[in-house]
Structure formats: C-alpha cells, structure tokens
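In what follows, a single structure is set out as structure tokens and then discussed.
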Amino acid sequence: MIAMQISAFKTFLAIETAGSFHAAARALNVTQTTVSARIKALEAALGTPLFERGPGGTRLSMAGRQFLPYAEQMMRTWEFVSGDLKASLAGQVPLRLGAQLSVWDPLLVDVAVWLEEVQGTVPFTLNYDHTMNMGEAVARRLLDVAIVNEVPPGTRLTAQELPPERLVLVADRPLRLGQDALPLFINLEFGAEYDAQLHDVLPARRRQHIVLGNALMGLRYLQGRGGMGYFPACMVAEALAAGALHLVQGAPEIHLSCRALHLPDNPALEHIRQVVRGLHEVRGG
C-alpha cells in the first residue's frame, strides 16, 4: 500500500515537472496508461482533480497546486526513511545534516569534509531545504543535526552553542553610515535576532530594500546590480581584499547565534558529538 502511494506521489511530481502525462511516462520508464491509472487513483483518494489538460499541455489544478508541497514533503520523508533502512541493513549509520539559514550551506560541506578526514568514509546526507522546519525535522528524526539560529521553545532537543556568525555591512562603493545617501539594501532576513540588530543600524523608514532569501544569490545580486547588505565576513573577505566590495564605514557588525541541534537519545550520538566537534574546528572556535 505504501509503495503504491509513493509511486503515485512520484508520478504526480513527474507530471508537474515534465508538463504532460506522456513526458512523465518516459521519464519514469512506464506506460502512459500506468501514469493515468496512478493519477486517477490519487485523485479518487483525494476527491478532487489534480490536473487540467488543454491545448498548451497539462497543468496543475487549484487543488493540485495546494497538494504540491505536501507531495514534495512526502517524497523527501520517504527518501530519508528508505535511505536510513538501506544503510542500516548494510551496517552503516547515515548522518543527516541540515542548516536553518543559507549562510551555513558552506559550513555543511566543510564539516562533511572534516568528518571524512577524521573518521574515514561516513555516509551522510546534506539537506539544503531552508523551508524545512529544522526543529521539527530533528524531533521527527528526519535530520540528525541541524545548524540553527533560533532554538524552538518547549522541545526536548539539545542545543550546543557554536561560534556566532559575524555579519558585516558591505556595499559596491565606499559609503559612510549617517553621512552618505543609502543605496538599495539587500535584506537576507536572517530571523528575529538579525532583525532586532538591523533595526538599530538601519531603521525601516530609512531604507529601501529587496528581500533575497539566499546569501550567495544576494551577494551575486549586489555585485551585479549594486547596493549594500549584511553578509558573513568570511563570504565577502576576498571581494573586500580585491576592492570589489567596501565595508560601510561606521556600521557595526551583526552577530548571529549559531547552535547545533540534535536529539539527546539519537542512536548516532557518538557520530553527532564528532559533528559538533567538527563544527567547532571548521569555525575556529
């Protein structure tokens, strides 16, 4: 029964990606009749059509658009679960690492490399889905360790402090805060702690801003379009040294708390301790 449901979710997502039942059948290496049967069964279970067909191809219905994020989450969950079981049967304990903020994506890679160097070959999965609720993912055992800025209240999770993230205000041209006209501000929305510190530096009424949720994307936008924004010091160090970016004079640094979140009864606790040690090592703390 579960396998049939997973096949239906996978087929639904394949049609949404490919744009037609025929293209989805090719991508899944099944017949179009099989694709149609799976979707018909899924629509019957949900009690609503998920697709609309027209001259321009197949597109999601309103119900299909509402169902899409649930199907994506179900597939992610299934991949985590099935991957865990396969690895466990092979005598391996996989580590699943995630990060709340995009600024910590490189940190995931750095600690994965450190783990390989120190522990040898360690199976792991790096999760870059920043829409995922990291506290919930750890509590539900979808992730073993999550790097977070804010610890969810009222949980049984263990949070271990890591060196904070230093953010510096940079611009595409020399600026002095309080004296020069401010350019477009690129707001990466790093959470409540960031917002509180940012308000002390740049009150909302004094800044025009654009919101970009990914740090690397925001930096690329700044360098291509111009403007200013708070970015991790390590991320902009080379551009500052080369003169491609400039520190905004008179602007204080912002410090983001950084914590490693995990379950205290996780069976992979020894590996998790190694991960936390690695996070301290690669962050220099």
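For LEU261, state whether it is within 16 Å of ASP172 (Cβ to Cβ) and either at pLDDT 95 or above or in a strand (DSSP E or B) (or both).
No: the conditions fail for LEU261.
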| task | Among residues belonging to region 81-100 that are among the hydrophobic types (A, V, I, L, M, F, W, C) and modelled with pLDDT of 85 or more, point out the one that is farthest from ARG277 (Cα to Cα). | result | ALA99
| said: Just to be sure I understand the filter: pairs with C-beta atoms under 6 Å, separated by 6 or more residues or on different chains, first member in region 158-186 and at pLDDT below 95, second member surrounded by fewer than 16 Cβ atoms within 10 Å (Cβ to Cβ) and of a type in the set (S, T, N, Q). Which pairs pass? | reply: ARG176/GLN249; LEU184/GLN208
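For the structure I just gave you, tell me whether GLY218 is part of a helix (DSSP H, G or I) and either outside the structural domain of ALA112 (by TED's automatic domain parsing) or touching a residue at least 24 places away in the same chain (Cβ under 8 Å) (or both). Even if it seems obvious, please write down each step before you answer.
On the way: part of a helix (DSSP H, G or I): yes; either outside the structural domain of ALA112 (by TED's automatic domain parsing) or touching a residue at least 24 places away in the same chain (Cβ under 8 Å) (or both): yes.
So GLY218 fits the description; yes.
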| Hey, VAL103 touching a strand residue (DSSP E or B) at 6+ places or on another chain (Cβ under 6 Å), outside any loop (DSSP other than H, G, I, E, B) and modelled with pLDDT of 75 or more or not | yes
| So which residues in region 159-200 are of a type in the set (D, E, K, R), within 25 Å of SER257 (Cα to Cα) and not in a loop (DSSP other than H, G, I, E, B)? | GLU161, GLU165, ARG166, GLU193, ASP195, ASP200
| note | Output for Cβ contacts, cut-off 9 Å, separation at least six or different chains, first residue assigned by TED's automatic domain parsing to the domain that holds LEU216 and closer than 15 Å to ALA251 by Cα in region 188-203, second surrounded by 13 or more Cβ atoms within 10 Å (Cβ to Cβ) and β-branched (Val, Ile, Thr), reads TYR194/ILE254; GLN197/ILE254; LEU198/ILE254; VAL201/ILE254
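Which of the residues belonging to region 201-215 are assigned to a helix (DSSP H, G or I), more than 20 Å from TRP104 (Cα to Cα) and aliphatic (A, V, I, L, M)?
Taking region 201-215 as the starting set, the residues that turn out to be assigned to a helix (DSSP H, G or I) are 201, 204-206, 215.
Among the residues that remain, those that are also more than 20 Å from TRP104 (Cα to Cα) are: 201, 204-206.
Once the filter is applied, which keeps residues that are assigned to a helix (DSSP H, G or I), more than 20 Å from TRP104 (Cα to Cα) and aliphatic (A, V, I, L, M), region 201-215 yields VAL201, ALA204.
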| message | Just to confirm my filter: which helices (runs of 4 or more DSSP H) fall fully inside region 1-70 and include at least 3 residues that are not hydrophobic (A, V, I, L, M, F, W, C)? | response | 2-18, 32-46
| remark: For region 187-221, the count of residues that are modelled with pLDDT of 85 or more and exposed (fewer than 11 other Cβ atoms within 10 Å of the Cβ) equals 4
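Would you mention how many residues in region 264-285 are assigned to a loop (DSSP other than H, G, I, E, B) and surrounded by fewer than 16 Cβ atoms within 10 Å (Cβ to Cβ)?
Just the residues of region 264-285 that are assigned to a loop (DSSP other than H, G, I, E, B), to begin with: 264-268, 284-285.
Then drop every residue that is not surrounded by fewer than 16 Cβ atoms within 10 Å (Cβ to Cβ), which leaves 264-265, 267, 284-285.
Of the residues in that region, 5 qualify.
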| query | With respect to GLY47, is the statement that it is modelled with pLDDT of 90 or more and not hydrophobic (A, V, I, L, M, F, W, C) true? | reply | yes
| query | Is one or more of the residues making up region 222-235 charged (D, E, K, R), assigned to a helix (DSSP H, G or I), modelled with pLDDT under 95 and within 23 Å of ASP180 (Cα to Cα)? | reply | yes
| query | Taking region 122-148, which residues are over 13 Å from the mean Cα position of the chain (by Cα), assigned to a loop (DSSP other than H, G, I, E, B) and either surrounded by fewer than 18 Cβ atoms within 10 Å (Cβ to Cβ) or not hydrophobic (A, V, I, L, M, F, W, C) (or both)? | reply | VAL122, PRO123, ARG140, ARG141, ASP144
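The values are calculated or read from the model by the stated rules, or taken from the named source; none is laboratory data. All of these numbers come straight from a predicted model, not from anything done at the bench. So basically every Cβ, Gly included, is an ideal-geometry build from the backbone, and we count neighbours across all protein chains shown.
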